[in-house]
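The values are calculated or read from the model by the stated rules, or taken from the named source; none is laboratory data. Since the structure is predicted, the reported quantities are computational estimates derived from the model, not experimental observations. Quick reminder, even Gly has a Cβ in these numbers, built from the backbone with ideal geometry, and neighbours come from all protein chains shown. The protein model used for the area step is the full one, side chains on, heavy atoms only, and it has no ligands, DNA or RNA in it. Shrake-Rupley method; radii C 1.70, N 1.55, O 1.52, S 1.80 Å.
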Amino acid sequence: MKTDLSPRMKIALYGLMLILLVPFVFPTWWMVTSSVKPISDIFAFPPEIIPSRFDFSTYGQAFELQPFAKQYWNSAYIAAIVTGGTLIFSSMAGYAFARIDFPFANTLFMVVLIGLLIPSEVTIVPLFRLFLSWDMINTHWPLILVPVFGAPSVFATFIMRQFFIALPKELEEAARVDGLGRFKIFWTIALPLSKPALGAVAIFTFLHSWNLYLEPIVFLSSPEKFTLPQALTQFTDAYGGAMWNIQLAAATMTALPVLIVFVIAQRQFVEGLAHTGLKG
Amino acid sequence: MAPVTFSNVKKSYGAVKVIHGVDIDIADGEFVVLVGPSGCGKSTLLRMLAGLETISDGEIAIGDLVVNDLEPKHRDIAMVFQNYALYPHMTVEENMGFSLLHRGASTAEIKERVDWAAGILGLAEYLGRRPGQLSGGQRQRVAMGRAIVRNPKVFLFDEPLSNLDAKLRVVMRGEIKALHQKLKTTTLYVTHDQVEAMTMADKIVVLNGGHIEQIGTPLDLYDNPVNQFVAAFIGSPSMNFIKGRVDGDHFVAGDARLPVPPGAAEGRDLVYGIRPEHFTLAADGGIEAEVVVVEPMGSETQVTMRIAGQNVFGTFRERVLALPGSRLTLNVDPADTHLFDAETGLRLPRDAV
């Protein structure tokens, strides 16, 4: 969007944005710098904005204290499967809700949307009992199945439906005349055109899975099965005191892929949400 | 190529009837235009033939094949949409070859057909581009190319020119007509623009409110409209209508006396119809008209006038230099006039006039 602003307005706006940046940038800065400070310097007063002494051994120690590489892999592969699964199910469900006439389609869609209203804290105990009866406690299955068939997928389905509704119907009619069946129309016309929406869904689904905290601590009990947010809480010494610098080193490594994804894909993310008509 | 037959075709959405039993015979290779005001059901009829709308009752046949329950892909038709409906993520070449690809044609065959279509439509240098990089006229050509590559039995056009500017519309109108003359494929063309209908059609079907008002050649509809609706719809500027009664060999409206052929029905309310170009300037002894607005077009002059308190419109080859408020004297050839029943809107047959 291009707007003509006077230079004074521009300076004022940039100033405002700089102020708004502080609550986002400062904690990140504090996390990154504290991860390389000796533990005694972290809470020094006045606080050191720029570390005076560096200790990079914290990054190595994070891998020694816990099976951190394994936990990293756990988080990564679970997020990948959840993202893939959500993309498949939400795009197909969204397409069906947007384009296929079936009895009670709107009612059913409402029922699905209600899933968004229920906080995960409410369903976690029944889910625990369910997975217990399926013998899936202390496995990664709940962390895959719950998001793919739960609230995140509902939100994704909603985004995909809104996107497909906005696609010109004539494109699909043209494809029908060109000789395609329903699934081929979905696969060769609707899906390739929904890349912006798929991108947005992929990013937020990945983030949701990557940041998932409540579910792992409920369903997982052995450290080599842990995911990253759960593992971060485990960097403590023999007396249960937090080993701040190592924990923050692990936190930095946890946040890094997310930051990278955001920097690369922020445009797509914003455009995707804008395309779905979800902007204000 | 094949003839197309609509037999007593009806369409309703729930309790709402939108097409009330339509019969149309389209001969092999004919260019038929469905025309009518918006909401008259013309697009619905086209989409029923395409297979994009179900047929509530009646029968549609392409050749000898009744297509009522066939999927669009089994009907061997090709359609050009109002907004072109080009696949934005594919190049021009992929757009045009798409239907062949999904019908299992070989790469060489697709290439040959696409090159042939691109050659006819002047698209050869744009094959690698995407629709977003083309102008409106080029997109229109791609949409046509996509239709012709398959060599279907019937072409369907759904208001294909309405997204183009006036100048381009005239150009594309000519191109579509030329394409039809070259390929001679049966064509059904939907438009609300009677000029398109007049200029392109072998046969025009005038629709109104889900009924057929009249079917005929363009000049037939122009010269012999069956009712006031067709008379008003076909021709631009539109036919003038003046209310009054016949008295002897004149039509009397207020203080004006307009000539009619002898023997016209006397004594009931009628509507007198005369096309703007059928007024001629007379030296004296004709119809008196008061000038309201004069619009010189160069090639002709359009004049809004009042006759017996009713606005009428005249088109003259001469340059009329009358001032508003002044008077013109007009002549009318009784053979060019039409009389309509004021109640039913039906035109009185010539021999009864």
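Filtered by the rule that a residue be of a type in the set (Ser, Thr, Tyr) and open to solvent by less than 20 Å² (accessible area, probe 1.4 Å), the range A:26-80 gives A:THR33, A:SER34, A:SER35, A:THR58, A:SER75. In the range B:173-199, the residues that are farther than 18 Å from B:PHE81 by Cβ form Cβ pairs under 7 Å with partners that are open to solvent by 50 Å² or more (accessible area, probe 1.4 Å) and acidic (Asp, Glu), at six or more places apart or across chains, as follows: B:THR186/B:ASP28. Of the residues making up the range B:148-165, those that are outside any loop (DSSP other than H, G, I, E, B) and within 21 Å of the chain's Cα centre (by Cα) are B:VAL154, B:PHE155, B:LEU156, B:PHE157, B:ASP158.
Could you list all residues from the range B:14-40 that are open to solvent by 10 Å² or more (accessible area, probe 1.4 Å) and either in contact with a Ser or Thr (Cβ under 7 Å, 6 or more places away or on another chain) or under 20 Å from A:GLU170 (Cα atoms) (or both)? Once the filter is applied, which keeps residues that are open to solvent by 10 Å² or more (accessible area, probe 1.4 Å) and either in contact with a Ser or Thr (Cβ under 7 Å, 6 or more places away or on another chain) or under 20 Å from A:GLU170 (Cα atoms) (or both), the range B:14-40 yields B:VAL18, B:ASP23, B:ASP25, B:ASP28, B:GLY29, B:GLU30, B:SER38, B:GLY39. Please specify each residue of the range A:170-195 satisfying the condition of being over 25 Å from the mean Cα position of the chain (by Cα) and either in contact (Cβ under 8 Å) with a residue 24 or more places away in the chain or not in a helix (DSSP H, G or I) (or both). Residues satisfying the conditions are A:GLU172, A:ASP178, A:GLY179, A:LEU180, A:GLY181, A:ARG182, A:PHE186. So which residues in the range B:140-175 are buried (at least 22 other Cβ atoms within 10 Å of the Cβ) and over 18 Å from B:ARG75 (Cβ atoms), if there are any at all? Correct list: B:GLN140, B:ARG141, B:VAL142, B:ALA143, B:MET144, B:GLY145, B:PRO160, B:LEU161. Among what's in the range B:258-279 and is touching an Asp or Glu at 6+ places or on another chain (Cβ under 8 Å) and assigned to a strand (DSSP E or B), pick the residue that is nearest to B:HIS192 (Cα to Cα). Per the stated criteria, the residue is B:ILE274. Taken together, the criteria exclude A:LEU143 from residues that are open to solvent by 90 Å² or more (accessible area, probe 1.4 Å), hydrophobic (A, V, I, L, M, F, W, C) and not in a loop (DSSP other than H, G, I, E, B). Any residue that is surrounded by fewer than 18 Cβ atoms within 10 Å (Cβ to Cβ), over 25 Å from the mean Cα position of the chain (by Cα), among the β-branched types (Val, Ile, Thr) and farther than 22 Å from A:ALA197 by Cα - is there at least one of those in the range A:107-124? Yes; the residues of the range A:107-124 include at least one that is surrounded by fewer than 18 Cβ atoms within 10 Å (Cβ to Cβ), over 25 Å from the mean Cα position of the chain (by Cα), among the β-branched types (Val, Ile, Thr) and farther than 22 Å from A:ALA197 by Cα. Looking only at the range B:41-57, filter to residues that are outside any strand (DSSP E or B) and away from every other protein chain (no Cβ under 14 Å); which one of those is nearest to A:ALA174 (Cα to Cα)? Applying the filter and picking the extreme gives B:LEU45.
Summed over the range B:81-110, residues that are at the interface with chain A (Cβ under 7 Å from one of its Cβ atoms) and either more than 21 Å from A:LYS195 (Cβ to Cβ) or assigned to a loop (DSSP other than H, G, I, E, B) (or both) total 9. Return yes when B:GLY36 is in contact with an Asp or Glu (Cβ under 9 Å, 6 or more places away or on another chain) and more than 26 Å from B:MET172 (Cα to Cα) and no when it is not. No, not satisfied. In the set B:GLY128, B:GLY29, B:GLY119, only one residue is more than 13 Å from chain A (Cβ to nearest Cβ), in a loop (DSSP other than H, G, I, E, B) and closer than 15 Å to B:GLY145 by Cα; that residue is B:GLY128. Once the range B:58-80 is narrowed to residues that are open to solvent by less than 60 Å² (accessible area, probe 1.4 Å) and more than 30 Å from B:TYR126 (Cβ to Cβ), the residue that is farthest from the other protein chains (Cβ to nearest Cβ) is B:GLY58. Working only within the range A:158-184, note down all residues that are away from chain B (no Cβ under 12 Å) and open to solvent by less than 10 Å² (accessible area, probe 1.4 Å). Of everything in the range A:158-184, those that are away from chain B (no Cβ under 12 Å) and open to solvent by less than 10 Å² (accessible area, probe 1.4 Å) turn out to be A:ILE159, A:MET160, A:PHE164. Among the residues that make up the range A:134-149, is at least one of them polar (S, T, N, Q) and either more than 14 Å from chain B (Cβ to nearest Cβ) or under 18 Å from the mean Cα position of the chain (by Cα) (or both)? Among the residues of the range A:134-149, at least one is polar (S, T, N, Q) and either more than 14 Å from chain B (Cβ to nearest Cβ) or under 18 Å from the mean Cα position of the chain (by Cα) (or both), which makes the answer yes.
Filter the range A:208-260 for residues that are among the hydroxyl-bearing types (Ser, Thr, Tyr), more than 18 Å from A:GLY60 (Cα to Cα) and out of contact with any Leu (no Cβ under 8 Å at 6 or more places or on another chain); which is least open to solvent (accessible area, probe 1.4 Å)? Per the stated criteria, the residue is A:SER222.
Could we say that B:LEU52 is crowded, with 20+ Cβ neighbours inside 10 Å, within 17 Å of B:HIS211 (Cα to Cα) and of a type outside the set (Ser, Thr, Tyr) here? Criteria not met by B:LEU52. Here A:ILE88 clears all of (1) of a type outside the set (S, T, N, Q); (2) within 17 Å of the chain's Cα centre (by Cα); (3) surrounded by 15 or more Cβ atoms within 10 Å (Cβ to Cβ) except the condition numbered (3). Does B:ARG103 qualify as being touching a His at 6+ places or on another chain (Cβ under 9 Å) and open to solvent by 70 Å² or more (accessible area, probe 1.4 Å)? So B:ARG103 does not fit the description; no.
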